[in-house]
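Here the structure comes first, spelled out in structure tokens, and everything after it is commentary.
Readers should treat all values here as calculations from the given coordinates under stated rules, not as data from a laboratory. Keep in mind that this is a model prediction, so the values were computed, not measured. Here the Cβ is made from the backbone with ideal geometry for all residues, glycine too, and neighbour counts use every protein chain on show.
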Amino acid sequence: MFTIGNTMDFSRSPEENVMRAPDWLKPGLYGAVGGAIALAVIGFNWGGWVTGGTARAMAADQTQAAVVAALSLICVDQSKRDPQLVERVAALKAASSWTRGDLVMKHGWATMPGTTEGNSQVARDCADKVGV
């Protein structure tokens, strides 16, 4: 019979013409798949890898925390300019930790210049700094 290179031999049945993979290929593929799974598990659990959505959420949280930290310094400065500072700080220290932010909001210290309302997160952070 005439054949060229690796062409199929049409004198055989279709089952005989199926390409045979080398014996070493199957364990190699299992190892590659298992290694990829292990790499992903280790990377995401202990390697610090995160998805894009998680990275965006982490960045948003850090941004919010930085803004609150910066604005709380303005709040502390505004509290120092309050003529009734001594009485209000005494009331702030006497209040429970749950209501301190509300007191700062009520005194207007957490209302930033150019805004009409205070920020509750800034008020809580400011209360911690002023009430020390």
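Laid out as a table, the results:
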item: Conditions (1) surrounded by 11 or more Cβ atoms within 10 Å (Cβ to Cβ); (2) within 30 Å of the chain's Cα centre (by Cα): number failed by GLY52; result: (1)
item: Number of the exception - TRP49 against (1) farther than 19 Å from VAL122 by Cα; (2) in contact (Cβ under 8 Å) with a residue 40 or more places away in the chain; (3) not polar (S, T, N, Q); result: (2)
item: Identity of the residue in region 78-97, under 26 Å from THR63 (Cβ atoms) and over 31 Å from the mean Cα position of the chain (by Cα), that ends up surrounded by the fewest Cβ atoms within 10 Å (Cβ to Cβ); result: GLN78
item: Considering residues of region 98-109 that are in a helix (DSSP H, G or I) and more than 27 Å from the chain's Cα centre (by Cα) only, the residue surrounded by the fewest Cβ atoms within 10 Å (Cβ to Cβ); result: LYS106
item: Output for region 110-132, where each listed residue is part of a helix (DSSP H, G or I), small (Gly, Ala, Ser) and in contact with a Leu (Cβ under 7 Å, 6 or more places away or on another chain); result: ALA127
item: For VAL68: the one exception among (1) touching an Asp or Glu at 6+ places or on another chain (Cβ under 8 Å); (2) farther than 30 Å from MET112 by Cα; result: (2)
